[in-house]
Amino acid sequence: MTALPTRHDEAWRYADIAALPALWPITPEVIVVAPGDSASRTWVIERAAVHDIAITLGAGAQMTVHVLNAARGYGRLALRVTLGAGAQFDLGAAQIAGGDQTVEIVTEVIHAEPDASSRQVVRQVLAGRASGNYLGRVVVARGANGSDGSQSIRAMLLDRGASANARPELEIHADDVKCAHGCAIGELDADGLFYLASRGLPPAAAKALMLQAFLAEAFVGADDEATLMAAALTALEDLL
Amino acid sequence: MLHITDLHATVADKPILKGLSLTINAGEIHAIMGPNGAGKSTLGYTLGGRPGYDVTSGTVAFAGQDLLALAPHERAAAGLFLGFQYPVEIPGVSMVQFLRESLNAQRKARGEASLSGGAFLKLAREAAALLKLDPEMLKRPVNVGFSGGEKKRAEMVQMGILDPKLAILDETDSGLDIDALKVCGEGINAIMRRPDKAVLLITHYQRLLDYVRPDFVHVLAGGRIVRSGGAELARDLEDHGYEALA
Ligand SMILES: Nc1ncnc2c1ncn2[C@@H]1O[C@H](COP(=O)(O)OP(=O)(O)O)[C@@H](O)[C@H]1O
Ligand SMILES: [Mg+2]
């Protein structure tokens, strides 16, 4: 990528364009997992950054990716994943932002061959006037029968000014495909917060406890689950 | 210990409590009975400080403090416990973690040292044993997948762990079978029947009162206490209904 993108580029429509010149140019990273192999990677984004990653999984390969995007500034992670026959890709991502920050995860998962599966779980906690975005395309190529793709995208808005944009998209050119997506944007359950408060938890602690449970869904199965959660809680502290 | 004077409160701007006065001293157990919709739960929530339950006039003193000036978590730290008619389910949050953090937040607010994990677990196991609740249930998410009776017993386990000065128990008897009713009744006596503690039982049946003998019984109707008496009043209500007495 050389030229700066604009909002007219579909994948950048919610981006913090003004933050880009300082982060440009981006060096794409390429990850290849050989047939039958497995790999895992974790990205923790704590300052302004744009990551552009291309992943190719060979036949029967597996990869698990975990992301904590709590950039102080514009934080973006774009993943383009191509799945070989029977490959398995799992993404568990949490985005936490406050102030004027924009955080986003942009994925394109291509089921190029039959019987591959992909699972994406994204949980966002947004405060202040922050915006948290997820643009996710799942493409099932011609002949990639038996594909299984899921996207579960949820956001919790802590303040009126915060916003979440979630756009899961499916493009299916094969038969016998199982693809499901779910999006939900909500606020913390007021009854739950009062219940916790009635036992003595101050508001910030009660919110943190409920948000911890919410974010945990993104970190399930990570080797460094506890470290990720600790970093997430630190980021949350600034918002509560 | 609790001194409610001419309390008026609204729920979603609708007046529900209309001049309620009640005094509860240390060492006493009071029961409030009344028909459905009388405002019993509203009284509990108002004392607990639930958002949306607004006091429009009146005063509430609790253990020498202005209760109404305190936030809900501060009321808990001051020694108030509210047993919910419908305990709330909180997916993903473990009961043990929730209760340990709650107890330590209360202790911190009172200037006491926090309890270690081991000391807390011992306390939690003792409370669970008292209420005959499988301690393994405390590892589960708060109230999630608990039966109606288990939720009520878990509320009493929480009370045992938090060790309040005053417990307001809203329909703790509903959803309990006879055995669980006995266990809960005995639990309430064991935890709360002490010279320095008090209980306000909210119920519309007499049956819990067979296990937890109240010193005073009040009838709540139309947002006020319309009648007060001793334990015998509960029996009269059971025999004659609220209409005749209210
Ligand atoms: N959240 C609410 N919004 C509006 N009205 C309510 C709400 N909660 C309770 N009420 C009303 O307040 C009155 C008292 O209810 P409640 O305190 O639950 O009675 P009880 O516990 O004695 O059965 C009822 O008329 C009920 O409809
Ligand atoms: Mg009620």
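Values for this structure:
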{"read-out": "Among the residues listed as B:Ala105, B:Ala113, the single one being farther than 17 Å from B:Gly83 by Cβ, among the aliphatic types (A, V, I, L, M) and more than 21 Å from the chain's Cα centre (by Cα)", "value": "B:Ala113"}
{"read-out": "Elements of type helices (runs of 4 or more DSSP H) in the stretch A:125-240, at least 3 residues being open to solvent by 40 Å² or more (accessible area, probe 1.4 Å) and out of contact with any helix residue (DSSP H, G or I) (no Cβ under 8 Å at 6 or more places or on another chain)", "value": "A:225-237"}
{"read-out": "Residues being free of Cβ contacts under 8 Å to residues at least 40 places away in the same chain and open to solvent by 10 Å² or more (accessible area, probe 1.4 Å) - total across the stretch B:147-173", "value": "7"}
{"read-out": "Residue match in the stretch B:218-241 (condition: open to solvent by 40 Å² or more (accessible area, probe 1.4 Å), touching a helix residue (DSSP H, G or I) at 6+ places or on another chain (Cβ under 8 Å) and assigned to a loop (DSSP other than H, G, I, E, B))", "value": "no"}
{"read-out": "Per-region count, the stretch B:167-190, residues touching a Gly at 6+ places or on another chain (Cβ under 6 Å) and either within 16 Å of ligand 1 (Cβ to nearest atom) or not in a helix (DSSP H, G or I) (or both)", "value": "6"}
{"read-out": "Residue within the stretch B:174-192 that is within 16 Å of ligand 2 (Cβ to nearest atom) and surrounded by 17 or more Cβ atoms within 10 Å (Cβ to Cβ) present", "value": "yes"}
{"read-out": "In the stretch A:1-37, the residues that are surrounded by 11 or more Cβ atoms within 10 Å (Cβ to Cβ), among the aliphatic types (A, V, I, L, M) and in a strand (DSSP E or B)", "value": "A:Ile31, A:Val32, A:Val33"}
{"read-out": "Tabulated pairs, the stretch B:35-59, first closer than 13 Å to B:Leu7 by Cα, second near ligand 2 (Cβ under 9 Å from one of its atoms) and among the polar types (S, T, N, Q), C-beta under 8 angstrom, 6+ apart or interchain", "value": "B:Gly44/B:Gln85; B:Tyr53/B:Thr42"}
{"read-out": "Residue match in the stretch A:185-193 (condition: touching an Asp or Glu at 6+ places or on another chain (Cβ under 8 Å) and of a type outside the set (Gly, Ala, Ser))", "value": "no"}
{"read-out": "Leading residue by the ranking (nearest to B:Glu74 (Cα to Cα)) among those in the stretch B:101-136 that are within 12 Å of chain A (Cβ to nearest Cβ), touching a residue at least 24 places away in the same chain (Cβ under 8 Å) and crowded, with 17+ Cβ neighbours inside 10 Å", "value": "B:Gln106"}
{"read-out": "Listing of strands (runs of 3 or more DSSP E) fully contained in the stretch B:1-77 that carry 2 or more residues being surrounded by 21 or more Cβ atoms within 10 Å (Cβ to Cβ), of a type outside the set (Phe, Trp, Tyr) and within 16 Å of ligand 2 (Cβ to nearest atom)", "value": "B:14-24, B:29-33"}
{"read-out": "Filter result for B:Leu47 (within 14 Å of another protein chain (Cβ to nearest Cβ), of a type outside the set (S, T, N, Q) and farther than 18 Å from B:Thr10 by Cβ)", "value": "no"}
{"read-out": "Cross-chain or 6+ apart pairs with Cβ under 8 Å, the stretch B:67-88 first and more than 8 Å from chain A (Cβ to nearest Cβ), then buried (at least 21 other Cβ atoms within 10 Å of the Cβ) and of a type in the set (Asp, Glu)", "value": "B:Gly83/B:Glu155; B:Gly83/B:Asp170; B:Gln85/B:Asp170; B:Gln85/B:Glu171"}
{"read-out": "Conditions (1) closer than 23 Å to B:Asp215 by Cα; (2) within 16 Å of ligand 1 (Cβ to nearest atom); (3) not basic (Lys, Arg); number of the one not met by B:Val88", "value": "(1)"}
{"read-out": "Checking B:Tyr53 against (1) near ligand 1 (Cβ under 9 Å from one of its atoms); (2) more than 14 Å from chain A (Cβ to nearest Cβ); (3) in contact with a helix residue (DSSP H, G or I) (Cβ under 6 Å, 6 or more places away or on another chain); (4) not basic (Lys, Arg), the condition it does not meet", "value": "(2)"}
{"read-out": "Near pairs, Cβ below 8 angstrom, 6+ apart or cross-chain, from the stretch B:2-16 (touching a residue at least 24 places away in the same chain (Cβ under 8 Å) and within 14 Å of chain A (Cβ to nearest Cβ)) to any residue that is assigned to a strand (DSSP E or B) and within 16 Å of ligand 2 (Cβ to nearest atom)", "value": "B:Val11/B:Tyr53"}
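The values are calculated or read from the model by the stated rules, or taken from the named source; none is laboratory data. Remember, it's a predicted structure, so these values are computed and weren't measured experimentally. Here Cβ is always computed from backbone atoms with ideal geometry, including for glycine, and neighbour counts include all displayed protein chains. Accessible surface is based on the protein model in full, side chains and every heavy atom, while ligands, DNA and RNA are left aside. Shrake-Rupley method; radii C 1.70, N 1.55, O 1.52, S 1.80 Å.
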